[in-house]
Each structure stands twice: as C-alpha cells, then as structure tokens.
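What follows is one structure encoded as structure tokens, with my remarks underneath.
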Amino acid sequence: MSDISENLELVRERVASAAVRSGKSVELLVVSKTWPSEVVDEAVGAGQVLFGENRLQEAEGKVRALPADLQWHFIGGLQRNKVRKILSLFPVIHSVSSTKLACFIDRVASELELEPKIFLEVNIGAEESKGGYLEDGLRRDLDEILGLENISLRGLMCLPPRVSCAEEARPWFAKLRELQEEMEGRAGVSFPELSMGMSGDFEVAIEEGATIVRVGSAIFGPRLLK
Ligand SMILES: *Cc1c(COP(=O)(O)O)cnc(C)c1O
C-alpha cells in the first residue's frame with residue numbers, strides 16, 4: 001500500500017471511531033488542494049469519492065483528469081466572477097460567507113438550473129482577519145437565506161482560531177453546534193450538517209457534532225505550497 005492509501009485508511013478508522021462516540025454518521029472530505037491529480041488518484045484508487053478544493057483554476061484540471069463519478073466540494077474564498085464556473089463543477093459549497101454572496105449564488109443557480117448545497121461559513125472566533133458570518137449577522141439574515149429557492153442550506157461551517165492543540169478547539173466547535181441548534185429552533189427548519197474539523201482536530205470536532213470533516217495533510221502529508 002502507498003503511504004496515501006495507508007494514511008487514508010487510518011484517518012477513516014479514526015473518523016469511524018469518533019463517530020461511534022458522537023452517535024452521528026460522519027463524512028470524510030479529503031482536501032486535495034495543492035496536490036496534482038496523479039497524487040489525488042491514489043486516494044481515488046482507495047475508494048475515496050468526496051474531495052475538497054479551494055481554488056477554481058486548480059480544481060478544473062483535476063476534475064477533468066479524474067473519474068467523473070467523484071464529488072467535489074468547494075471550500076475556498078468565493079469571488080463573484082467565478083461563481084458560475086464553481087457552481088458547474090461543485091455541487092456543494094462550504095464557504096458561503098455573506099448573504100450578498102448567497103443571493104448571487106441563488107440567482108446564478110437559477111439560471112443554470114442547479115440547486116447547490118451550501119454551508120454558511122461562520123467566523124466563530126469573531127476574528128478580524130477572517131471572513132464569514134458573525135453570530136448576530138446570521139441571526140439577522142437567516143430567514144432571508146432560507147427564502148432563497150435555488151440553494152439548499154445544509155448547515156454551518158467554521159475554521160476556528162488557530163490553537164496549539166486539538167483540545168483547545170473544542171469550545172469553538174461546541175459553539176458552532178450551539179449556534180446551529182439555536183438557528184434551527186428559531187427557523188423551525190432543519191439544516192443539520194456541521195462542516196468542522198481538519199487534520200489536527202477532526203476527532204474533537206466529531207465529538208462536538210461535526211457531520212463532515214475536511215482533512216488534507218493527515219492524508220497527503222504537509223503541503224509545499226499554500
Ligand atoms: C486546507 C483546508 C483544510 C484541510 O486542512 P488540513 O490541515 O491539511 O487537514 C480544511 N478546510 C479548509 C477550508 C482548508 O482550506
């Protein structure tokens with residue numbers, strides 16, 4: 001077995017046992033950003049179907065080069081002029097960071113006759129350096145977002161503040177789950193997914209309710225480029 005399929009197998013086992021602890025089913029999104037299609041293909045060979053990319057241009061080549069039955073999720077910063085292409089390649093977007101963007105995605109999705117699944121990205125640590133919803137903005141805009149007919153709100157996503165160990169991230173993950181529960185109660189609608197947890201902390205994220213974890217370097221090794 002190559003290192004990649006071995007790493008993938010280990011990560012899958014860790015995801016599965018954390019999922020037993022949380023009592024939820026959890027998906028593994030393999031983040032293939034920066035890795036060329038030949039490398040990503042090793043994970044495909046090991047049965048992986050869900051992949052995450054953060055740059056349109058880089059993803060286009062991989063989507064073309066790899067089997068058509070993979071599912072690509074967009075996890076990066078969204079620019080309006082790229083939304084059309086992103087929607088045509090990615091059925092799921094984890095990084096919808098504002099209501100203006102959600103409205104624009106809805107309009108383009110309607111033109112393309114698509115219904116993307118989206119996550120709203122929450123700036124859970126209210127960090128200056130990051131985009132995404134602040135909690136109050138989400139409370140204010142939720143009804144408007146739920147009214148958009150061409151997008152399907154799946155849940156919330158976060159990239160918590162940088163921490164020095166996984167355990168330190170736990171309160172941020174718990175906070176995102178509490179916010180989701182509050183929002184679902186407020187709207188009377190279910191959008192039950194939580195996209196949270198990366199290589200260093202996905203088990204903690206799962207224990208706090210993640211339904212999809214985004215894992216790159218634990219599978220492919222450290223990235224040379226960012
Ligand atoms: C790169 C990236 C990941 C994966 O990070 P790793 O630490 O390599 O697992 C997850 N989510 C987002 C949004 C990313 O950009």
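The values are calculated or read from the model by the stated rules, or taken from the named source; none is laboratory data. All values reported here derive from a predicted model rather than from experimental measurement. Backbone-built Cβ (ideal geometry, glycine too); neighbour counts: all protein chains shown. With ligands, DNA and RNA removed, areas are computed over all heavy atoms of the protein, side chains included. Shrake-Rupley method; radii C 1.70, N 1.55, O 1.52, S 1.80 Å.
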Does the stretch 145-173 hold any residues that are under 17 Å from the mean Cα position of the chain (by Cα) and either more than 16 Å from the ligand (Cβ to nearest atom) or surrounded by fewer than 18 Cβ atoms within 10 Å (Cβ to Cβ) (or both), and which are they?
Ile151, Ser152, Leu153, Pro161
For Arg139, which of the numbered conditions (1) within 16 Å of the ligand (Cβ to nearest atom); (2) basic (Lys, Arg); (3) under 18 Å from Glu193 (Cα atoms) fails to hold?
(1)
All but one of (1) in contact with an Asp or Glu (Cβ under 9 Å, 6 or more places away or on another chain); (2) away from the ligand (no atom under 13 Å from the Cβ); (3) open to solvent by less than 20 Å² (accessible area, probe 1.4 Å) hold for Ser2; which doesn't?
(3)
Where a residue in the stretch 31-53 is near the ligand (Cβ under 10 Å from one of its atoms) and its partner, wherever it lies, is of a type in the set (Phe, Trp, Tyr) and assigned to a loop (DSSP other than H, G, I, E, B), with Cβ under 8 Å and at least six apart:
Glu53/Phe90
Within the stretch 54-77, how many residues are assigned to a strand (DSSP E or B) and either in contact with an Asp or Glu (Cβ under 9 Å, 6 or more places away or on another chain) or aliphatic (A, V, I, L, M) (or both)?
3
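Residue by residue, here is whether (1) surrounded by 15 or more Cβ atoms within 10 Å (Cβ to Cβ); (2) under 17 Å from the mean Cα position of the chain (by Cα) holds:
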| position | (1), (2) |
| --- | --- |
| Glu9 | no, no |
| Arg14 | yes, no |
| Ser17 | no, no |
| Ser37 | no, no |
| Asp69 | no, no |
| Asn81 | no, no |
| Lys85 | no, no |
| Val92 | yes, yes |
